[in-house]
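Worksheet: the structure to be examined is printed underneath.
The values are calculated or read from the model by the stated rules, or taken from the named source; none is laboratory data. For clarity, every value in this text was computed on a predicted model and none was experimentally measured. Cβ sites come from the backbone with ideal geometry, for glycine too, and all protein chains shown count toward neighbours. Accessible surface is based on the protein model in full, side chains and every heavy atom, while ligands, DNA and RNA are left aside. Shrake-Rupley method; radii C 1.70, N 1.55, O 1.52, S 1.80 Å.
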Amino acid sequence: MDVEHVVGLPHPRLRPFVTRYSGYRMRTEPGIHRGLPSRSLTLVVTMDGTVDLSEGRFAALCGGLHDEAVIITHDGFQHGVQCDLTPLGMRAFFGMPAGELSAVTVGLDSLDAPASELRERLQEAPTWTDRFARLDEMLGGLVKPVRQQVEVAWAWQRLAAGTPVAEIAAEVGWSRQHLSARFAAEYGLTPKVMGRVMRFERANRMLRGERRPTLTEVAAACGYTDQAHFNRDWRALCGATPTEWIAAELPFVQGSEHGQGAELPS
């Protein structure tokens, strides 16, 4: 396995819209990779080849929030940049709520973004630092004024903090049904489902850490009622049990994030 993976932060003025850049260049055995649910939308620009999904092959793409794994097939070589977008970033860059891309992946050009120019400028850049700087420049040029319903934005923040949905509804003065409808319109998932995704994401991050905890420790730390609950939820969101995912994907993930990876300063 030959893996290069570099993580960088966007310019401070872009951080409400993009949480990080991930540059990758990987040579592995051909196979599949699971794109796991998270609280981020995914913008990918390839440097070589395409990202091959059930929806088609994309040189540059944007994918919405989802509650099951996205299966990516590859021939053993992957090279590009991934940008983790916040839901607010969808409004800022493309003028639409994240809910319009729920469980969908589209070509970046279909969002009226300069996909070809962005790819060419990244290909011309000699280093990852230069590529991330060009992303700052081009994404910065896409930023539009954004407005979000205050109650919905508050619900997202409280959900990320682990607050129960019923408590959030009471805080904003809405019924659970109305909160669910407004939240799903903005983000594409209901608060209950998004809460499951956020909990899954916390568990996934723990397993990716340099000191891997036991599955029992992860289940307890992330609020699962027991190990069986953890396994069921993980299979539903990932398409595999935690043990199966660790065997199939974790060596690849750790090779990219801890083996030859690097993190650029802000």
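Within the stretch 63-100, the residues that satisfy the criterion of being of a type in the set (A, V, I, L, M, F, W, C), within 19 Å of GLY23 (Cβ to Cβ) and crowded, with 22+ Cβ neighbours inside 10 Å are VAL81, CYS83, LEU85.
If the condition is being in a helix (DSSP H, G or I) and among the charged types (D, E, K, R), then the stretch 135-147 contributes ASP136, GLU137. One residue stands out in the stretch 101-115 among those that are farther than 28 Å from GLN157 by Cβ and either touching an Asp or Glu at 6+ places or on another chain (Cβ under 6 Å) or assigned to a loop (DSSP other than H, G, I, E, B) (or both): the one that is least open to solvent (accessible area, probe 1.4 Å), namely ALA115. Against the definition (hydrophobic (A, V, I, L, M, F, W, C), buried (at least 19 other Cβ atoms within 10 Å of the Cβ) and not in a loop (DSSP other than H, G, I, E, B)), how does LEU118 come out, yes or no? Here the answer is yes, as LEU118 does meet what is asked. PHE132 falls short on exactly one of the conditions (1) open to solvent by 30 Å² or more (accessible area, probe 1.4 Å); (2) in a helix (DSSP H, G or I); (3) within 12 Å of TYR21 (Cβ to Cβ); (4) not aliphatic (A, V, I, L, M), and that condition is (1).
Quick check on my filter: what residues within the stretch 1-30 are out of contact with any Asp or Glu (no Cβ under 9 Å at 6 or more places or on another chain) and of a type in the set (Gly, Ala, Ser)? The answer is none; no residue qualifies.
If you filter the stretch 194-224 down to residues that are touching a residue at least 40 places away in the same chain (Cβ under 8 Å) and not in a helix (DSSP H, G or I), you find that the one that is farthest from ALA161 (Cα to Cα) is GLU210.
Picking from residues in the stretch 44-60 that are open to solvent by less than 30 Å² (accessible area, probe 1.4 Å) and among the small types (Gly, Ala, Ser), the one that is nearest to the chain's Cα centre (by Cα) is ALA60.
I'm trying to understand the selection: among the residues of the stretch 1-43, which are in a strand (DSSP E or B), under 13 Å from PHE77 (Cα atoms) and open to solvent by 20 Å² or more (accessible area, probe 1.4 Å)? Once the filter is applied, which keeps residues that are in a strand (DSSP E or B), under 13 Å from PHE77 (Cα atoms) and open to solvent by 20 Å² or more (accessible area, probe 1.4 Å), the stretch 1-43 yields ASP2, GLU4, TYR24, ARG25, ARG27, GLY31, ILE32, HIS33.
Put simply, of LEU179, LEU118, LEU189, LEU159 the only residue that is touching a residue at least 24 places away in the same chain (Cβ under 8 Å) and over 30 Å from ALA220 (Cβ atoms) is LEU118. Residues of the stretch 162-206 being of a type in the set (A, V, I, L, M) and exposed (fewer than 14 other Cβ atoms within 10 Å of the Cβ), which ones? Of everything in the stretch 162-206, those that are of a type in the set (A, V, I, L, M) and exposed (fewer than 14 other Cβ atoms within 10 Å of the Cβ) turn out to be ALA166, ALA170, ALA181. Does LEU41 fit the bill of being in contact with a helix residue (DSSP H, G or I) (Cβ under 7 Å, 6 or more places away or on another chain), without any contact (Cβ under 8 Å) to a residue 60 or more places away in the chain and under 22 Å from GLY239 (Cβ atoms)? Answer is no for this residue.
Is it the case, given these coordinates, that LEU88 is part of a helix (DSSP H, G or I), within 14 Å of THR42 (Cα to Cα), in contact (Cβ under 8 Å) with a residue 24 or more places away in the chain and not polar (S, T, N, Q)? When the stated conditions are applied, LEU88 passes them.
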